[in-house]
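S.K.: One structure, pasted below without further comment.
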Amino acid sequence: MRYKRLARVPQQSFFLLGIRGVGKSTWARQSFPDALRLDLLDEALFADLLAEPALFRQLLSGVGPKQWVVVDEIQRIPSLLNEVHRQIEERGVRFALLGSSARKLKTAGTNLLAGRALRKAMHPLAPAELGDDFDLDGALRYGTIPLVWTATDRREVLQSYTQLYLREEIRAEAVVRNLSGFVRFLPVAAVMHGQTVNASSIARDAGIARTTVNGYLEILEDTLLAVQLPAFEAKLRVRERRRPKLYWADPGLVRAVKRQLGPVAEEERGALLEGWVLGLLRVHNEHQHIYDDIGYWAAAESASAADFVLTRDREHVAIEVKASERYNTAMLKGLRAVADLPGLARRILLYRGRRAFRTEDSIDVWPLENFHQALQDDRLWP
């Protein structure tokens, strides 16, 4: 592995979920060099286990208590989790269960091990993992999925990624009946990156039924390609219930699905940067527990908004992201609108400039580099 990941080996069995190419298997090989490894992408093994499920128990017979077993792409045969449960309970075997989709794991009747396995996630590479190789322009243009980032030709690999997704995650698992409708939906959903979800608009632009849109959005979430960020739920005078915002897991995926892989245009930079910051927050929260909850905040009677509100122990941090390299006071509109939120501990404006300072009304204005460092040093909260 070229880059050292932030992920650490838990003391007990765990699921590790993440999109294809994000580095789960590579990390597991390095973290568990002596483990028995069963890769369900191996079609021969996959077919044998489907035909003779008892073979799984036989393969585990030589594994002793506290020893590790890595099962890659566990979602391909969820029924194996019944035997995993038994091995944990009766023999003390520990499992690293890797998966690129949570869809089949959510199916009624699937044994999710009743708390005996932690649920962990692996995200695209963060600046803390890339070190001196980090490049914001490259991250926004091609994303930081390791499969893409380390490629000689990032553009070519990224272009093929959506086909891999459609073939492996959608067609192979038969999760949609109308594949052509889903293919039309994808670029429309990519255009919605960083925007509130409007099912009627998506349905019209993709030429599908409105009732189909929610199911397709659920597929994006289950296959870990996107997340819907809820509106902040504090009981403010100005609050009304808002639709969630849609964010893809990686800027490169957004651009590949839209078939726009040239230099980043100014009109797309804001949404890409906003989504990238959300990804960074999710990466560090996975390993450092930065927040208990996250949402976006919007005033009902105006366009004022804060991109992210983090909640921890009844306190909040509000973050606004701007793609401009030059600071101006108009950038503070959303953070000033949220000033009366009870429990507000800090307001942070992130921008692409180089000067860090605090405004007269105590808003921290940070270059992105300061934000990276604050996350790494766990200094986001005052």
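The values are calculated or read from the model by the stated rules, or taken from the named source; none is laboratory data. Source: prediction; values computed, not measured. Here Cβ is always computed from backbone atoms with ideal geometry, including for glycine, and neighbour counts include all displayed protein chains. Note: accessible area is taken over every heavy atom of the protein model, side chains too, but ligands, DNA and RNA are not part of it. Shrake-Rupley method; radii C 1.70, N 1.55, O 1.52, S 1.80 Å.
S.K.: When only Cα pairs under 8 Å and 6 or more residues apart are kept, what is the percent relative contact order across the range 223-382?
M.R.: Working: 258 pairs, mean separation 26.7, N = 160.
Relative CO of the range 223-382 lands at 17 percent.
S.K.: Could you give the length gained on full extension between residue 55 and residue 152, defined as 0.36 nm per residue of separation minus the Cα-Cα distance, in nm? Before the final figure, lay out the partial values.
M.R.: Numbers: separation 97, 0.36 × 97 = 34.92 nm, distance 4.02 nm.
So the chain would gain 30.9 nm between residue 55 and residue 152.
S.K.: From the C-alpha gyration tensor of the range 228-382, pull out the three semi-axes of the equivalent ellipsoid (sqrt of 5λ each), sorted largest to smallest, in whole Å.
M.R.: 23, 18, 17
S.K.: Another question about this same structure. What is the distance in Å between the Cα centroid of the range 72-142 and that of the range 196-233?
M.R.: 23
S.K.: Leaving out ligands and nucleic acids, and using a 1.4 Å probe, what accessible area per residue does the chain come to in Å²?
M.R.: Per residue, the chain has 47 Å² of solvent-accessible surface.
S.K.: So, one more: Loop only per DSSP, at most 10 neighbouring Cβ atoms within 10 Å: give me the GluC sites (Glu not before Pro) in the range 261-319, ordered by residue number.
M.R.: Working: sites: 266, 267, 268, 274, 286, 301, 315; in loops: 301.
The qualifying sites are 301.
S.K.: Still on this structure: Could you tell me whether the range 11-97 comes out rounded, prolate or oblate from its Cα gyration tensor? Rule is a ≥ b ≥ c as square roots of the eigenvalues, rounded for a/c under 1.5, then prolate if a/b exceeds b/c, otherwise oblate. Let's see the in-between values first.
M.R.: Values: a/c = 1.62, a/b = 1.06, b/c = 1.52.
Here the range 11-97 falls in the oblate category.
S.K.: Normalising by the residue count of the chain, find the relative contact order in percent from Cα pairs under 8 Å and 6+ residues apart.
M.R.: Values: 628 pairs, mean separation 49.5, N = 382.
Taking the mean separation of contacting Cα pairs over the length of the chain, I get 13 percent.
S.K.: Between residue 79 and residue 48, how many nm apart are label points set 7 Å from Cα along the C-beta direction?
M.R.: According to this spin-label approximation, the distance is 1.8 nm.
S.K.: Which trypsin sites (Lys or Arg not before Pro) does the range 1-86 hold that lie in a coil by DSSP with at most 12 other beta carbons within 10 Å?
M.R.: Answer by residue number: 2, 4, 8, 66.
S.K.: Another question about this same structure. Which FRET efficiency value, to the nearest 0.05, is calculated for residue 333 and residue 269 with the Förster distance at 22 angstrom and r the Cβ-Cβ distance?
M.R.: Efficiency, from the Cβ-Cβ distance: 0.70.
S.K.: Now a separate question. Under the classification rounded if a/c is under 1.5, otherwise prolate if a/b is larger than b/c and oblate if not, where does the range 47-169 fall, given a ≥ b ≥ c as square roots of the Cα gyration tensor eigenvalues?
M.R.: Details: a/c = 2.60, a/b = 1.95, b/c = 1.33.
Note, shape of the range 47-169 comes out prolate.
S.K.: State the percentage of accessible surface on the chain attributable to carbon and sulfur atoms; use a 1.4 Å probe and exclude ligands, DNA and RNA.
M.R.: Answer for the chain is 46 percent, counting heavy atoms of protein chains only.
S.K.: Let me know the shape class of the range 318-382, please: from the alpha-carbon gyration tensor, a ≥ b ≥ c as square roots of the eigenvalues, rounded when a/c is under 1.5, otherwise prolate if a/b is greater than b/c, or oblate.
M.R.: On the way: a/c = 1.97, a/b = 1.09, b/c = 1.81.
Oblate shape, in that a/c is at least 1.5 and b/c is the bigger or equal ratio.
S.K.: At 1.4 Å probe size, what's the solvent-accessible area of residue 289? Round to the nearest 10 Å².
M.R.: 100
S.K.: Here's something else I'd like to know. Counting Lys and Arg as +1 and Asp and Glu as -1, each charge on the Cβ, what is the dipole of the chain about the Cα centre in debye, to the nearest 20? Display every interim value, and only then the final one.
M.R.: Numbers: 54 positive and 48 negative charges, 101 e Å.
Roughly 480 debye, rounded to the nearest 20.
S.K.: Further question: DSSP loop (so not H, G, I, E, B), at most 11 other Cβ within 10 Å: list which trypsin sites (Lys or Arg not before Pro) in the range 307-382 pass both filters.
M.R.: Within the range 307-382, the qualifying trypsin sites (Lys or Arg not before Pro) (loop, at most 11 other Cβ atoms within 10 Å) are 314, 326, 354, 355, 379.
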